[in-house]
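S.K.: Please see the structure below; I have some questions.
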Amino acid sequence: MLRITTIQTESGATTLQLSGSISGVWVKELQDCCATSLVNGKAVSLDLSDVQYADAAALELLSNLKSRNVAVVGWTPLVARLLDAYEATRGVKERKC
């Protein structure tokens with residue numbers, strides 16, 4: 001299960017605060033939430049400080065979102081290691097915090 005809390009700033013930027021596991025149907029839900037904000041041209045950031053797990057589809061989504069200038073903050077050690085390993089197998093540049 002994944003809880004997604006949307007926080008709008010006065011400047012129009014959106015932060016999606018995530019809590020739980022990003023896997024299964026929740027990957028599509030996160031993708032849809034991000035797409036809505038990105039289509040509107042708003043800055044988007046993801047707060048992963050309360051994410052315990054991300055499956056392969058979630059790691060692919062996170063990597064793609066980073067390449068679209070979505071800021072990802074608050075990495076948990078497990079999710080950071082999983083994404084680093086995922087990106088290493090695909091030749092993606094190292095994550096910058």
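The values are calculated or read from the model by the stated rules, or taken from the named source; none is laboratory data. Keep in mind the model is a prediction, meaning the values are calculated, not measured.
S.K.: Do we have any residue at all in region 28-35 that's aliphatic (A, V, I, L, M) and over 14 Å from Thr6 (Cα atoms)? Let's see the steps before the verdict.
M.R.: We begin by selecting, within region 28-35, every residue aliphatic (A, V, I, L, M); these are 30, 35.
This time we only want the ones that are over 14 Å from Thr6 (Cα atoms), so: none.
The answer is no; no qualifying residue exists.
S.K.: Which one of the conditions (1) at pLDDT 90 or above; (2) under 12 Å from the mean Cα position of the chain (by Cα) does Pro77 fail to meet, given that it meets all the rest?
M.R.: Condition (2) is where Pro77 drops out.
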